[in-house]
Amino acid sequence: MKILTCPVNGPRPIQEFTYGGEVRDMPCPDTSTDTQWADYIFNRTGEPGVRREWWHHGPSGVWFVAERDIIGDNVLKTYLWSARETP
Amino acid sequence: MPLNLLKFAFRSDYGEPRMFRRPDRLREEYDVVIIGGGGHGLAAAYYLAVEHGITNVAVLEKSYIGSGGTGRNTAIVRSNYLTEEGARFYQASVDLFRDLSRTLDLNLFYSERGHFTMAHSLASLRTQRWRAEVNKHLGIDSQEVGPDFIKEKIPEIDLTCGGHQPPICGALYHPPGAIARHDAVAWGYARGADQRGCEIHQGVSVTDIEVRDGAVTGVHTDKGFVKTTRVLSAVAGWTTHIQKMVGLRSPLVIHPLQALVTEPLKPWLNAIVVSASLHTYISQSSRGELVAGASLDPYELISMRSTLDFAETMAGHMMDLFPFLGDIKIMRQWAGLCDMTPDFSPIMGTTAIDGFFLDAGWGTWGFKATPISGYAMAHTIATGDNHDLIRPFNLSRFSEFDQVGEKGAASVGH
Ligand SMILES: Cc1cc2nc3c(=O)[nH]c(=O)nc-3n(C[C@H](O)[C@H](O)[C@H](O)COP(=O)(O)OP(=O)(O)OC[C@H]3O[C@@H](n4cnc5c(N)ncnc54)[C@H](O)[C@@H]3O)c2cc1C
């Protein structure tokens with residue numbers, strides 16, 4: 001069974017989690033061009049490599065960030081969003 | 001043992017000719033380089049040669065031909081899509097498929113079975129009705145049918161799903177829905193392209209693409225550099241690797257999709273049975289195995305591993321529909337990579353880079369499009385102008401807010 005570590009609840013079976021897509025920064029809607037906005041809305045970083053992603057722990061409702069290698073499916077670390085700047 | 005078979009076993013030269021040549025090295029330059037020896041890449045090579053007389057073409061395949069999605073899909077071919085753009089495009093593919101065994105002189109076991117998309121709720125019945133009406137409008141054979149009709153055509157089905165699921169209350173019925181032998185499609189196109197002079201290089205991986213002043217000048221491979229001004233990327237689940245080489249961005253994300261086959265049974269299931277609510281599609285192959293597939297794995301992953309979760313859920317849903325399958329064994333299970341688009345339509349045609357053409361976004365639905373994609377991409381490469389059928393599918397639709405929403409028709413894989 002695959003295990004993911006929730007920063008609040010600790011290691012839990014992957015079935016308890018929902019994937020929320022890559023973490024992306026929204027450009028400022030007032031100043032961005034149509035092209036920048038379309039890029040934000042539609043385009044994704046689907047390439048191989050390590051990525052920051054949103055994950056949701058269903059039973060407790062915690063949203064958090066995971067750094068995951070999307071070829072090997074190895075999770076390097078997980079943390080709460082507010083803590084993302086502190087390595 | 002028949003005498004002829006015995007004699008054959010002792011022969012040193014096996015009478016059957018090879019399907020295609022194995023060129024021992026890459027030429028210095030090609031008119032067109034096609035990345036990916038799946039059905040799509042091979043069909044494009046074939047139609048470049050047949051329709052446009054362009055034969056200085058190399059298909060570069062990092063593994064063996066058909067080793068990607070082409071040899072891993074559940075082989076369902078149909079055209080009962082939801083949008084006009086989609087339905088027209090897939091119908092053109094079905095039209096080519098129907099004659100393809102003859103065209104390629106190879107038996108593709110193309111077998112029209114009738115395709116049922118079961119509805120377990122009024123909401124899904126409403127979508128089926130919508131699809132049926134769009135289809136009829138475009139002359140595609142498609143209709144909404146009730147439970148009695150389903151039971152008559154598929155007597156083995158349990159419409160109540162044993163009480164484990166909401167009962168089946170109707171279906172979208174598409175009589176031309178078919179299955180085909182998918183690897184034969186790859187071989188047939190490969191042989192046809194090879195006979196006309198195109199080269200198929202297996203075991204050659206493209207590692208980078210050379211772009212100068214916004215135009216393609218060549219490709220780097222693990223067997224050296226080749227010059228070319230026209231490159232077709234036909235790598236489906238590997239497209240995000242390739243787009244990175246030319247600096248293009250796209251909405252593509254990769255998810256695995258899994259399938260399984262059971263041990264062979266005597267023929268009993270003629271129809272192709274799909275249930276959108278159960279995320280299940282089942283058909284019986286010409287060898288008697290039940291071939292079944294599910295919905296996508298729940299998170300992005302560029303890996304072809306398969307999971308026990310999938311086998312358990314899938315077996316459960318097969319038994320909801322056909323309870324007597326409880327004693328039947330699963331023989332094999334596997335996964336393929338699906339390059340998913342947000343609107344469930346493909347990404348095809350020219351790009352912002354001169355000479356770089358995309359045939360991607362095939363997700364869970366690209367096998368059925370193999371002939372028409374090859375045909376339309378060959379036209380686009382030869383003329384530099386997007387073929388009419390694929391114009392709505394250009395990558396630019398994601399910067400022009402002009403998507404082709406096919407979700408209603410393709411939310412379940414196949
Ligand atoms: C389980 C499953 C079930 C499916 N069921 C159906 C179905 O019922 N009906 C349907 O219509 N579709 C179905 N599909 C989708 C369908 O299989 C694909 O969309 C289709 O096969 C894509 O074909 P292709 O030729 O574009 O790509 P592929 O067949 O994937 O070929 C791409 C090739 O490119 C090669 N390649 C990749 N990178 C490189 C590189 N750098 N250099 C050289 N070569 C490279 C790969 O090795 C591969 O052989 C299913 C998919 C899966 C996984």
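Only the coordinates and a few stated rules stand behind these numbers; no lab work does. All values derive from a computational prediction rather than experimental measurement. Cβ sites come from the backbone with ideal geometry, for glycine too, and all protein chains shown count toward neighbours.
Structural remarks
- Contact order, relative form, for the stretch B:8-108: 19 percent (alpha carbon pairs under 8 Å, 6 or more residues apart, mean separation divided by residue count).
- Think of it as helices only: each DSSP H run of n ≥ 4 in chain B is worth -39500 (n - 2.57), and spread over all residues that comes to -9000 deg cm²/dmol at 222 nm.
- Ordering B:353, B:155, B:56 by Cα displacement along the dipole of the protein assembly as shown toward the positive end leaves B:155 in first place; charges were set at the Cβ atoms of Lys, Arg (+1) and Asp, Glu (-1).
- Candidates B:88, B:129, B:11: whichever shows maximal mean-square fluctuation once chain B is modelled as a Gaussian network with Cα springs under 10 Å: B:11
- Anisotropy class of the protein assembly as shown from Cα gyration tensor, a/c 1.5 cut: rounded
- The stretch B:78-131 and the stretch A:52-79: distance between their alpha carbon centers, rounded to Å: 38 Å
- Cα lying deepest toward the dipole's positive end in the protein assembly as shown, options B:74, B:170, B:295, charges on Cβ: B:74
- Radius 13 Å from Cβ of residue A:56, net charge of other residues (Lys, Arg +1; Asp, Glu -1): -1
- For chain B, taking Cα atoms only, Rg and Dmax work out to 21.6, 67 Å respectively.
- Charge dipole (Cα centre; +1 on Lys/Arg Cβ, -1 on Asp/Glu Cβ; no other charges) of the protein assembly as shown amounts to roughly 1080 debye.
- Average other protein chain Cβ within 10 Å of Cβ, residues A:43-53: 6
- Dipole check for chain B: with +1 at the C-beta of Lys and Arg, -1 at the C-beta of Asp and Glu, and the Cα centre as origin, the magnitude is about 740 Debye.
- Across B:366, B:214, B:36, mean-square fluctuation computed from a Gaussian network of chain B (C-alpha pairs under 10 Å connected) peaks at B:214.
- For B:46, B:64, B:30, order by how many other beta-carbon atoms lie within 10 Å, fewest first: B:64, B:30, B:46
- Cβ neighbours within 10 Å from other chains - mean over B:294-302: 5
- Between the residues A:71, A:45, A:27, the greatest Cα displacement towards the positive end of the dipole of chain A, with unit charges on the Cβ of Lys, Arg, Asp and Glu, is found for A:71.
- Cross-link partners of residue B:266 among lysines (Cα-Cα below 19 Å; sequence separation of 8 or more within a chain): B:153, B:329
- Per-residue ellipticity at 222 nm computed for chain A from its helices equals -3000 deg cm²/dmol, with DSSP H segments shorter than 4 residues left out and the rest contributing -39,500 (n - 2.57).
- Shielding value for B:396-404 is 3, the average number of Cβ atoms from other chains within 10 Å of each residue's Cβ.
- Alpha-carbon centroid distance for the pair the stretch A:11-29 / the stretch B:319-343, whole angstrom: 27 Å
- Cβ crowding within 10 Å, taken as a proxy for footprinting-reagent exposure, orders B:211, B:274, B:204 from fewest neighbours to most as B:211, B:204, B:274.
- Each residue in A:28, B:169, B:338, A:6 was given a count of other beta-carbon atoms within 10 angstrom of its own, and listing them fewest first yields A:28, B:169, A:6, B:338.
- In chain A, the inverse of the mean reciprocal separation of distinct Cα atoms equals 14.3 Å; this is its Kirkwood hydrodynamic radius.
- Rounded to the nearest 20 debye, the dipole size of the stretch A:17-74 about its Cα centre is 180 debye, using +1 on the Cβ of Lys and Arg and -1 on the Cβ of Asp and Glu.
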